[in-house]
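Trainee: One structure coming up, written as structure tokens, with questions to follow.
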Amino acid sequence: MKAPVCTYTVFDSECDQADPENPIMILKSDRLSHHTDGVFFDPAIRTSFVFGEGKNVEQADIIRIDSRFTGLLQWIGENRIRVRLSGKMQMDGTDKVYAVYKIREVESGTGTKLSAEDGFLQYVIQRLLESKTQEDALEDDDNEEDSDEMKLTSLQSMTDFLECARTTLPQNIRRWARRNLSVAKSSEVSPEEKRHAQHALSVMLNVRWKDSTFGDIDPVRAREILDEELYGMDRVKQRIIETIIQINRTHKLPAYGLLLVGPAGTGKSQIAYAVARILGLPWTSLDMSSIHDSEQLTGSSRVYANAKPGSIMEAFSLAGESNLVFIINELDKADSNTAQGNPADALLTLLDNLGFTDNYMECTIPTAGVYPIATANDRAKISEPLMTRFAVIDIPDYSPEEKKIIFLKYSLPKVLRRMGLKDNEIEVTEDAAEAVVRKFEGVPGVRELEQAAEHIAANALYRIEFEHINSVKYDSEAIEKLMQ
């Protein structure tokens, strides 16, 4: 008897949540209830969902499925995992159809695969919803090599994840993962090689490899965020808004990152955090003053027992996704006089957005979704090749009047909120703020102003507690006495 041919069609979706209007799949049936338990026959050759008990067993054909979920559907079917579908009946032309928006595993009474437990299933579904189908993954793979937050660490869970999510992984990472799975499961390699392969797999597969296309960003809201975080700096803010408008036109990140040059404490890192917030991306930071060996960035070869990925790959792992703001602190302090190579030069491939290769991972990882923002105090100490990878913005120091406003409008309120002091419990006059600024005259930046605000707030709390008073007022005389 000839095996039935798979008859469902696939559709592309970029929705990050499933609901009746944006379902995972559509079944042809008018007999399914809101929640229905059953099993899929292997969707590679059948298109049916079988439900009911005893003489009342029925089946519903799959009509359409989100292309991101074809691997998951096949895996559930091949392993006969009993699931509960949640869906809604709808009309499709003249036919009644069932739009599935949730899939959960249920007890079957006959045992289950360890990694098919519902926590794993929900993890995979969420990963798929956050992903976008890779075009090259829609081809047949047979000619290639044979929720709560969780991590893929066991070989079984990683094997199953590859089967479920293969259409959402870049082709080179998918092939790389299969090779490393073969090594990790092999009985012909050393335990050390198997351990390295499994660790590399866990690092790679726990990163969400997202499409680098960006949706529209509201420039008005972006300006509001910048004004909340930063006082003044109109030229800097305009440059960032220009970047947002460029992204809205091209839906891609700019070819160049930002290099913020200026004295310590002038808010360079704060600008980077604000940009990450505007872009809606996680951020990670790298302190170049602590990097003295290029291998710290690029990772070490697996031939060494203590080999591990480099700081750049670890940054992707910590962020949990491939699209992120990469903050490179103190770029001018990168040590270029080392026998192990200039660490700053190891950044060039990351900054070129052509992909970065880690020696431990032995795979080129996509970097088109990385937006680098570097900070520096002295541009003269940065090599020319690195300088050409950035749009440079000079951050001047603040005037005494600007520092006073920053102290009263930004530094002090932030500290008071953090320490739980109410407005009616403390008053700091303008001449008191001027006294604070005079105290740090000649010191660049505003970092010391926040430290002074901490000192003042802590003193106010002490006096309220031990002097049993309701509020404390600070004028210039009180400040000079407190900070002498």
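Every read-out reported here was derived from the displayed coordinates using simple, explicitly stated rules and does not represent laboratory data. As the structure is a prediction and not an experimental result, all values here were calculated from the model. Virtual Cβ from ideal backbone geometry, glycine too; neighbours counted across all protein chains shown.
Trainee: Show which aspartates and glutamates lie in cross-link reach of residue 333 when reach means a straight Cα distance below 18 angstrom and same-chain residues fewer than eight apart are skipped.
Mentor: Those aspartates and glutamates meeting the cut-off are 287, 293, 295, 345, 378, 384, 394.
Trainee: I've got another one for you. Identify the residues of the range 442-474 with backbone N under 17 Å of a label point that sits 7 angstrom from the Cα of residue 431 along the Cα-to-Cβ direction, or state none.
Mentor: Under 17 Å, as judged by backbone N against the label point of residue 431, lie 473-474 of the range 442-474.
Trainee: Still on this structure, please answer the following. Show me 461-467, 345-351, 62-68 ranked by packing, highest mean number of other Cβ atoms within 10 Å first. Before the final figure, lay out each step's value.
Mentor: Numbers: 461-467: 11.9, 345-351: 20.0, 62-68: 21.9.
Put in order of decreasing packing, that is 62-68, 345-351, 461-467.
Trainee: Still on this structure, I have one more. Among 165, 323, 279, pick out the residue whose Cα is farthest towards the positive end of the charge dipole of the chain, where Lys and Arg carry +1 and Asp and Glu carry -1 on C-beta, about the Cα centre.
Mentor: 165
Trainee: Compute, for the range 219-394, the length of the dipole vector about the Cα centre, with Cβ point charges of +1 (Lys, Arg) and -1 (Asp, Glu) only. Units Debye, rounded to 20. Present the calculation step by step, with values, prior to reporting the outcome.
Mentor: Values: 15 positive and 21 negative charges, 96 e Å.
Dipole about the Cα centre, nearest 20: 460 debye.
Trainee: Past 29 Å, Cα to Cα: identify those pairs from 414/481; 252/381; 102/308, in the order given.
Mentor: Values: 414/481 23 Å; 252/381 31 Å; 102/308 38 Å.
Over 29 Å Cα-Cα: 252/381; 102/308.
Trainee: Which of the lysines could a cross-linker span from residue 185 if the Cα-Cα distance has to be under 16 Å and same-chain partners fewer than 8 positions apart are dropped?
Mentor: 194
Trainee: Scan (1) 48; (2) 52; (3) 42 for the value of percent of Cα pairs over 34 Å apart calculated from this model and give just the label.
Mentor: Of the labelled values, this structure produces (2).
Trainee: Could you tell me the center-to-center distance, by alpha carbons, between the range 287-333 and the range 216-279 in angstrom?
Mentor: 25
Trainee: Ok, one more. For the chain, what proportion of DSSP beta bridges, expressed in % and rounded to the nearest 5, is antiparallel? All intermediate terms of the calculation are to be shown ahead of the outcome.
Mentor: Numbers: 33 of 59 bridges.
The antiparallel proportion sits near 55 percent.
Trainee: Further question on the same structure: Given R₀ = 30 Å, FRET efficiency for residue 58-residue 21 by Cβ-Cβ distance, to 0.05?
Mentor: Numbers: r = 26 Å, r/R0 = 0.86.
According to the calculation, E is roughly 0.70.
Trainee: Rounded, prolate or oblate: which one fits the range 219-394, using the alpha carbon gyration tensor with axes a ≥ b ≥ c (rounded when a/c is under 1.5, else prolate when a/b beats b/c, else oblate)?
Mentor: On the way: a/c = 2.13, a/b = 1.52, b/c = 1.40.
Verdict is prolate for the range 219-394.
Trainee: Placing +1 on the Cβ of each Lys and Arg and -1 on the Cβ of each Asp and Glu in the range 326-484, which of 436, 357, 421 has its Cα farthest towards the positive end of the resulting dipole?
Mentor: 421
Trainee: Something else about it: Could you tell me whether the range 1-112 comes out rounded, prolate or oblate from its Cα gyration tensor? Rule is a ≥ b ≥ c as square roots of the eigenvalues, rounded for a/c under 1.5, then prolate if a/b exceeds b/c, otherwise oblate. Numbers along the way, then the final one.
Mentor: Values: a/c = 1.28, a/b = 1.23, b/c = 1.04.
Since a/c stays below 1.5, the shape of the range 1-112 is classed as rounded.
Trainee: Could you give the distance between the Cα centres of the range 15-52 and the range 394-433, to the whole Å?
Mentor: Measuring centre to centre over Cα atoms gives 58 Å.
Trainee: Nearest 20 debye, what's the magnitude of the dipole of the chain about its Cα centre given +1 on Lys and Arg Cβ and -1 on Asp and Glu Cβ? Display every interim value, and only then the final one.
Mentor: Values: 56 positive and 78 negative charges, 144 e Å.
The calculated dipole for the chain is roughly 700 debye.
Trainee: Going down the list 132/268; 55/96; 132/237, which pairs span over 25 Å between their C-alpha atoms? Before the final figure, lay out the partial values.
Mentor: Working: 132/268 34 Å; 55/96 23 Å; 132/237 32 Å.
The pairs that break the limit, which is 25 Å between Cα atoms, are 132/268; 132/237.
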